[in-house]
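What follows is one structure encoded as structure tokens, with my remarks underneath.
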Amino acid sequence: MSPVIPIRPESTSGCTDVVPLVERGQREVFCGLTGIIWLHRKIQDAFFLVVGSRTCAHLIQSAAGVMIFAEPRFGTAIIDERDLAGLADVHTELDRVVQQLLARRPDIRLLFLVGSCPSEVIKLDLSRAAERLNRIHHPSVRVLNYSGSGIETTFTQGEDACLAAMVPGLPAPSAADPPPALMVVGTLADVVEDQLRELLSRMGLTVDFFPPRRSQEMPMVGAHTRFLLAQPFLADTARVLQSRGARHLPAPYPLGVEGTTAWLQAAATAFAVAPEAFESAIRSARQRAEKALAAHRERLKGQRIFFFPDSQLEIPLARFVHRELGMDLIEVGTPYLHRQHMAPELAWLPAGTRISEGQDVDRQLDRCLADAPDLVVCGLGLANPLEARGVTTKWAIELVFTPIQGYEQAADLAGLFSRPLQRREKLAA
Ligand code: SF4
């Protein structure tokens, strides 16, 4: 197999032993309810019922941008002061809302009660509510609960909590000693999933994706399961899968040509795919992606980039823009550093990279302005103030909403970094 040639030299340990700059101050991130936006598109017979306040309803409605005549697969049961004052029995109200919803929407097979952070909701035991509702509505509808609260570290934890809630209900294999099976864990756009399935099938591998597109297609899990993480923010999900006997295949994440190749290689190695079969399966897609990246590399090489902590994708993205696009890393902020899941990525970062974990937003803004980077990747709340100071920004959340994994998306991913710089040049011209 001919290796991908990174434009940066290989480093043997990179940032493996990095001591991050740990900050625990004010944070600027979305809450975990945001994950509903991509999760409801993925699991097509699921409904996400947020148990929250009017603020939660506004967030989810405006962020998802659903047209008024569409039948959305999410909604909010608003808990207010009346409930807080004990004037209504919240559990009875919730049962009534769920009853109405399921009567009106017989297509729903999986119902999530999604907790939030208002004090009215924190007092509610949603796991008890889910158990009670399950007794009423199962087997036609399964009811689960998880928290999308803004008290968690960051917004992608909403997906982690949702997937982790599903794991105990995954079926176990019926055979005593089933052959090893591959599972890809983490929500991917359908188009990306289809491409990765095709590449793996060319190597002779079958694969289950979790979460599945329909709740009736939940993959089996057990000691025979080998899983690859498609997203870097699934620490709890990985932990509960491992508690069911599944084994994690460590790999970089499938971002860019190098990341995708190494990620696929981890599966190929675990399932003893011959090197020639691996190479022939990926060759054309990899070559197309390498070619498509070249124009972006020309534009981005030597540009200095600063990542604020937002989605937990920052470290794999930094590795991609540095090694494949030639950008210089000023600071790579991450809301939370999971050393084990990030080990292959950290090894690929240049030694000495400033990695920060958590946030103290004022101090980080001071560092950012002092460093005067060419491009800043940050949350929506910081982008406008930074743009007003003449700093070019990229909204981090776009990197979560856009299909960016795999070979065919490598150039689109590069484009998300090169376009803001292009726009800035045009405005300055
Ligand atoms: S869960 Fe908390 S942070 Fe999120 S919208 Fe509701 S009130 Fe706001």
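So, in region 182-205, how many residues would count as being within 14 Å of PHE278 (Cα to Cα) and either part of a loop (DSSP other than H, G, I, E, B) or among the aromatic types (Phe, Trp, Tyr) (or both)?
3
Can you tell me which of (1) of a type outside the set (A, V, I, L, M, F, W, C); (2) surrounded by fewer than 13 Cβ atoms within 10 Å (Cβ to Cβ); (3) in contact (Cβ under 8 Å) with a residue 12 or more places away in the chain is the one SER174 doesn't meet?
Of (1) of a type outside the set (A, V, I, L, M, F, W, C); (2) surrounded by fewer than 13 Cβ atoms within 10 Å (Cβ to Cβ); (3) in contact (Cβ under 8 Å) with a residue 12 or more places away in the chain, only one is false for SER174: (3).
What are the residues in region 352-391 that are basic (Lys, Arg) and either assigned to a helix (DSSP H, G or I) or within 17 Å of ASP328 (Cβ to Cβ) (or both), if any?
ARG354, ARG363, ARG367
Mind checking which residues of region 395-418 are assigned to a helix (DSSP H, G or I) and at pLDDT below 95?
Across region 395-418, the qualifying residues are ALA396, ILE397, GLU398, LEU399, VAL400, PHE401.
Sort out which residues of region 206-227 are assigned to a helix (DSSP H, G or I) and crowded, with 19+ Cβ neighbours inside 10 Å, and write them in order of number.
Correct list: SER215 only.
Give the number of residues within region 105-132 that are within 16 Å of the ligand (Cβ to nearest atom) and either in a loop (DSSP other than H, G, I, E, B) or not β-branched (Val, Ile, Thr) (or both).
11
For residues that are near the ligand (Cβ under 8 Å from one of its atoms), part of a helix (DSSP H, G or I) and surrounded by fewer than 22 Cβ atoms within 10 Å (Cβ to Cβ), tally how many sit in region 26-61.
Looking only at that region, the number is 2.
For region 145-171, how many residues meet the condition of being surrounded by fewer than 22 Cβ atoms within 10 Å (Cβ to Cβ) and away from the ligand (no atom under 16 Å from the Cβ)?
7
Any residue in region 417-429 that's in contact (Cβ under 8 Å) with a residue 12 or more places away in the chain: show its pairings with residues that are of a type in the set (Ser, Thr, Tyr) and outside any loop (DSSP other than H, G, I, E, B) at Cβ separation under 9 Å, as long as the two are six or more apart or on different chains.
PRO420/THR393
The values are calculated or read from the model by the stated rules, or taken from the named source; none is laboratory data. Since the structure is predicted, the reported quantities are computational estimates derived from the model, not experimental observations. Every residue, glycine as well, gets a Cβ built from its backbone with ideal geometry; the counts of neighbours run over all protein chains shown.
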